[in-house]
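Nothing in this text is a laboratory measurement; each read-out follows from the coordinates by a stated rule. Since we're looking at a predicted model, the values are computed, not measured. Cβ: placed from backbone, ideal geometry, glycine included. Neighbour counts: every protein chain shown.
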Amino acid sequence: MAGKEGKRVKLAVKRKSTVGENITKYFLLIADVILIVFFGIMRSGFLQPSNLLNILSTAALVGVMGMGASIVMMVGEMNFGVGAEATLTAALLGFILGKGYVNVYLVAVLIALLVIGLMGVLDSVFGVIIGVPAFIATLAISKINDGIVNWLTEGKTMFYNNWPDAFKFLGQGRIGPVPVMAIAFLIIALLLWFIMDKTKLGTYIQAIGNNTNCCKQVGINVRRIKIIAFIICSLVCGFSGILACSRTSNVQGTLGSGIMMDAMASAMLGATFLRPGRYNIQGTVVAAILTAIISNGITFCAYPDYIQDIVNGIILIIAVGYIAMKRKEGLPSVKMG
Amino acid sequence: MSNTAPLLSIKELTKRFTGVTAVDHVSFDIGQNEIHALIGENGAGKSTLCKMLTGAYSIDEGHIEINGEKMDFKGPADSMKAGINMVYQERNLIGYLNAAQNICLGTENMKAGVVVDQKAMRKRAEAVRERLGVDTPLDVPIEKMGAGAQQLVEIMRATSTEPKILILDEPTASLGEGEIEPFLKFVKKLTTDINISVIYITHKLEEIFTIADKVTVMADGKKTMTANIPDITQDECVRAMIRSDKIKSVVVPPMNYEEAEKHRVLDVKELTYDGKTHHVEFHVNKGEVVGFYGLVGAGRTETMEVISGIRLCDKKEFTFDGETITSGDSFKMIQKGMILTPELRNNGIFPSLNLVENVCTLFVQKLATKFGMIKNKESRAFTEEVLKKNGTKYRSKNQLISDLSGGNIQKIIIGRSVEVENLKLLTVDEPTAGLDLGAKSEIYLKIRHLADDLGKSVVFISSELEELMKVCNRIYIFYEGDVVKEVKREEFDNHMILGYALGGAGDGR
C-alpha cells in the first residue's frame, strides 16, 4: 500500500530531477575531477598529458574486463569466471605463438578469442539453458579454465623468445604520444556503448535485466539474448587478457584474477553513474578511470601502497552507500544463486 | 467467408495438465465490437482458456475459429498475427523506458539497419495514442507513472498491433477505486472507436454489468453459462460461478454500543509518521470487528503498522487495553496482545519452510526446552492442533507452505496469530486478496468467530467495500492518511462510504 500508486488515470508527471539526484548520477565523474585536481595540486607533474594518458592505459585493463562483466550483469546474471577467461585467452595466445603452431599474431588472437567465445557458450549452456545459477556455473567453469591455464603454462610464468614483436604492440606500443592501450580501451568502450545504447540488441540486453517476463511477452527471445550477452562478455574479457599479457610480455596464472575484483567493483560502481540502479558501459569506464587515477596518483605522490586499497575501498563504499540511501530499491541486485 | 460467422468462435476447447482437466470442452462465440466478460473463481480455468487463445498453451482438444476460419496457433506470434492480443494482470513493462519505447518493445524501428530509431518509435506511439484518444505522456519513464497510466501503456502496446480481439485479464485489480470508472468508460470506447472486441476477465461483478454485452461463466474448467447482460441478474451469475454448498453466509449479531464502549481495547487519536501528523481518531471495542476502508494509499495499513510497532514513526500515543503506549516494536506489542497479519501474504510466511516450522516460529519460546532446543513432538502436536482448528487442507505437516493455496495459507497465518497468548487485538490486512468466493467466506466466518465467540477484537483492512459491509460492526473511512468518518453497521451505505473515501462529503456523487 505504498503511496506510489497514483489515484488518477491521468497522472501528472513527477518533478524534474533535483540537485541531489544529479550529484548521485555524476558522483563518479565528480570524484574523478576532484581527485585529478587534488593530485595535480600535490604534484604538478601529475597533470602532464603523458601521465594522464598513462592513467588511461592503466584503466584499460580493469575497464575492459569491467565492461565485459557489466554486460552479463545487465541481463541480470553474474559471470564469476571473467578473470579466468582473461588468463586463459592470454595463455592460449602465448602458447600457440610460442610453440610456433601459428606464426601470424592476428590469426593467433582470433583463435584465442574463438576458444574463449566457446567458453562463453559453455557458460550460457549451463547458466541459461540448463538453468544452473549462472554465478555457480561460471565459478565451476572458471576452475576448469584455471586448470587448462596451468597445463598450458606448466605452472610457471609463461615467456617465449619467439613471440613476435606484435605481441607487445597492444600493451606497450604508442601511436604518436598516445599509448595503444588507451586507444584500444576507448575503441572498445565506444563500440560497446554503441551496441548497448543504440542498437536493438543492447536495448534487449538492458530490458531483460529489468523485466524478463515483459520481454518474453512481447516476443523477445530471452535465452538467445542472454547467450549473446555471455559470449560478448567472454570475448571482451578475453581481450582484456590479451592486453594484460601484452603489457607485461609474459603470462602469469594470476593475470586475470589480479584484475577481476577491481573489474567487478568498477562494474558495480558504474551502476551508480548516469543511470543509477542500472549497469552501464559509461559508468564502468568512469569507475575504472577512477581506480586508475587513485593508483597512479598515490604512486606519483610516493604514498605507501596500502593507501591505495584503503582509498579505493572508501570510495566504493561511499558511492554504493549513498546510492542505497537515495534509492528505495537500493542497488541493482544480481542473481547469486 | 460468410458474414454470419462470429468474429471468434471457441469450439470445445480442452486443456489437460497431468491428471487435471483445466479447461473442459468450452465453447462460446464472440461477436464484432463486443465486450465479452469471462468470470469464474480462481482456478476455474479462465486464464488457461485465454492462454490457449494467445497460443501460449497448446490445445489438447477442440479448436478456435476466427471469422469462420480454423486457426492453428503454434505460439504467441501466430495468435498475434491472427489478431488476438492480451494484457496480463501483472504489469509487464520496462520501468526505465518511456511509454513510446515500451509500446515499440520487440518491434523497434531501425535506422540504417543497426540503430534504434527513437523518432520513428515516438511517431508510432503517437499514432497509437491518437487512435485510443488518451493523453498518456510518452517521454516519461514508466516507473514514474501511476498504476493507471501504466495500464494504459500496456493497452496501447497491445492495440499497436491492431488486434481484432483484445483480452484484458483483471485489468482493474491494480487500480484504485477512483481510477476504475474512467477506465471502464475507456474500455467501452475502445470497442466502438477502434473497432475491436474485448474479452474481459474479472472477479468484480459490478464491472461486468457496467460494460459487458455478454458474459460467460466458468466453474471447475467447464462453462456453466453464457448470457446477454441485461437478461440476467448478479445473483444468477454468482450461482453459476460457485457450487452453492461452498459459500457460507456470514451472520453479524447486533451490537449494543453502549455496553461495548465500556471495554475499549484500542483508542487512538493522532499518529505522526513520515513527517506528518495524521488525525486518526478511532477506537476498537472488545469483541468487535472494525473495518478500515479507503483508497489505495489512504493510510490504513500505515496506521496499523505504526500502532503494531512495525513501521517507524515520529510520534505515537494511544491507549491499548487501558495502558498508554508511546513506544514499542512489534515484538513488544505481540507480547502485549496485539498482532498484525501482513498485507502481502508472502510476508507472513517462510515460503521454503514446512508447515510445522511456519506455525511454530512464532512460539519458539513456548516450544523450546530451557536449553533452547525445540521440542519436536510438542511442535508437531501444536501444529496439528492449529491446522485442525482452522480447517486447513494439507497433505502432510512436512510439506512446504508455499505448496498450499492462498486461502489455506491465510488460514494458517490467521490461525497461528490467534494462538498468541492473551491476544486482544488482531489486525488482518487484505486477508482475502486473490482468494475465491468460497475461501473468502471461510475467512469471514473465522473473523466473526474470533470476535463473537472468543471475545477478541479485529481490525479488518480491505479495499473491498462489499466484504467490509458484510463482516464489520463499524467501518472507519480513511482519506489521505486521516480518518474522515466513522460508520456504524446500521448506517452502512456504499455510496456514502465511497463518497467519503474519494474525499467527498459522502453524498455519493
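Figures for the structure shown
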{"item": "Neighbourhood charge, 13 Å Cβ-Cβ cut-off, centred on B:Lys456 and excluding it, Lys, Arg +1 and Asp, Glu -1", "result": "-2"}
{"item": "When region A:67-150 is reduced to its Cα atoms, the Kirkwood hydrodynamic radius in Å", "result": "13.3 Å"}
{"item": "Cα Rg, Dmax (largest Cα-Cα span) when computed across region B:344-419, Å", "result": "11.7, 36"}
{"item": "Antiparallel %, DSSP beta bridges [both residues in the protein assembly as shown], to 5", "result": "60 percent"}
{"item": "Protection proxy ranking of A:246-254, B:74-82, A:72-80 - average other beta-carbon atoms within 10 Å, highest first", "result": "A:72-80, A:246-254, B:74-82"}
{"item": "For B:99-112, mean number of other protein chain Cβ atoms within 10 Å", "result": "3"}
{"item": "Efficiency of FRET from Cβ geometry, A:Thr299 and B:Asn347, R₀ 60 Å, rounded to 0.05", "result": "0.70"}
{"item": "Local electrostatic count at B:Leu312 - Lys and Arg +1, Asp and Glu -1, tallied over other residues with Cβ under 13 Å", "result": "-2"}
{"item": "Partner chain coverage, peptide B:293-299 - average Cβ within 10 angstrom", "result": "3"}
{"item": "Computed over region A:58-326, the ratio Rg/Rh where both radii use C-alpha atoms and Rh is Kirkwood", "result": "0.97"}
{"item": "Qualifying lysines (Cα of each under 18 Å from Cα of B:Lys332; at least 8 residues distant if same chain)", "result": "B:Lys315, B:Lys316, B:Lys366, B:Lys424"}
{"item": "Share of pairwise Cα separations in region A:155-274, more than 17 Å, in percent", "result": "67 percent"}
{"item": "Label point distance in nm, B:Thr369-B:His63, each placed 7 Å from Cα along Cα→Cβ", "result": "7.1 nm"}
{"item": "Neighbourhood net charge (14 Å Cβ-Cβ; Lys/Arg +1, Asp/Glu -1) for B:Lys46", "result": "-1"}
{"item": "Full-extension gain in nm, B:Thr272 to B:Lys189, via 0.36 nm per residue minus C-alpha separation", "result": "25.5 nm"}
{"item": "Projected-area average for region B:8-241 over all orientations - Cα convex hull basis, square nanometres", "result": "13.4 nm²"}
{"item": "Degrees between helix B:406-418 axis and first principal axis of chain B (Cα, 0 to 90, nearest 10)", "result": "10 degrees"}
{"item": "Chain B: angle of helix B:147-159 to the longest principal axis, Cα-based, in degrees nearest 10", "result": "20 degrees"}
{"item": "Potential lengthening between B:Asn376 and B:Met110 on full extension [0.36 nm per residue; Cα-Cα distance subtracted]", "result": "89.3 nm"}
{"item": "Average Cα contact separation per residue, chain A, under 8 Å, 6 or more apart, as relative contact order %", "result": "33 percent"}
{"item": "Where Cα atoms sit under 29 Å apart: lysine pairs in region A:58-326 separated by 8 or more or lying on different chains", "result": "13"}
{"item": "Shielding by other protein chains, B:145-151, mean Cβ within 10 Å", "result": "6"}
